[in-house]
Amino acid sequence: MPDEKDRLGDKLRQKEKAEEDRFFAERDKALIEKLRREKSTSDLEQIRELARMRCPKCGERLTTVQHLGVTVEECPSCHGMWLDKGELQTLAGRERDSWLGRFFHRPKQ
């Protein structure tokens, strides 16, 4: 009979250890996933900061200049220009007879 109790006690200890192992495995998995998300977010922010205000064509830092009374971003290397929607509409408002003006002032469907 005492042998029977030991087997039962061993089984209970094994079950407790298995449940403990499962608990810690799940906790570790959750912590690893949290670290991955934080690293991914951190990497994405770093990439965004490196690309901010850079020319998409050559990678040079864009400079802000005034062009026809509108502030635009210009690349000093390849001389490309980038406008925001409001800046483009301001220029198009002055040029109603050009293709740009017709594009912004065409009848809405």
Quiz item: Would it be correct to say that Ser40 is at negative phi, surrounded by 10 or more Cβ atoms within 10 Å (Cβ to Cβ) and at pLDDT 90 or above?
Solution: no
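Do you know which residues across the range 1-59 are over 30 Å from Met81 (Cβ atoms) and outside any helix (DSSP H, G or I)?
Here is the first cut: in the range 1-59, the ones over 30 Å from Met81 (Cβ atoms) are 1-43.
Within the range 1-59, just Met1 meets the criteria.
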Exercise. Return only the number of the condition from (1) outside the structural domain of Gln89 (by TED's automatic domain parsing); (2) not in a helix (DSSP H, G or I) that Glu73 does not satisfy.
Key: (1)
Exercise. Kindly provide the set of residues from the range 51-65 that are more than 8 Å from Cys75 (Cβ to Cβ) and touching a Leu at 6+ places or on another chain (Cβ under 8 Å), ordered by number.
Key: Met53, Arg54
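The values are calculated or read from the model by the stated rules, or taken from the named source; none is laboratory data. All figures in this text were calculated on a predicted structure; none of them were measured in a lab. Cβ coordinates were reconstructed from backbone atoms using ideal geometry, including for glycine residues, and neighbour counts include every protein chain displayed.
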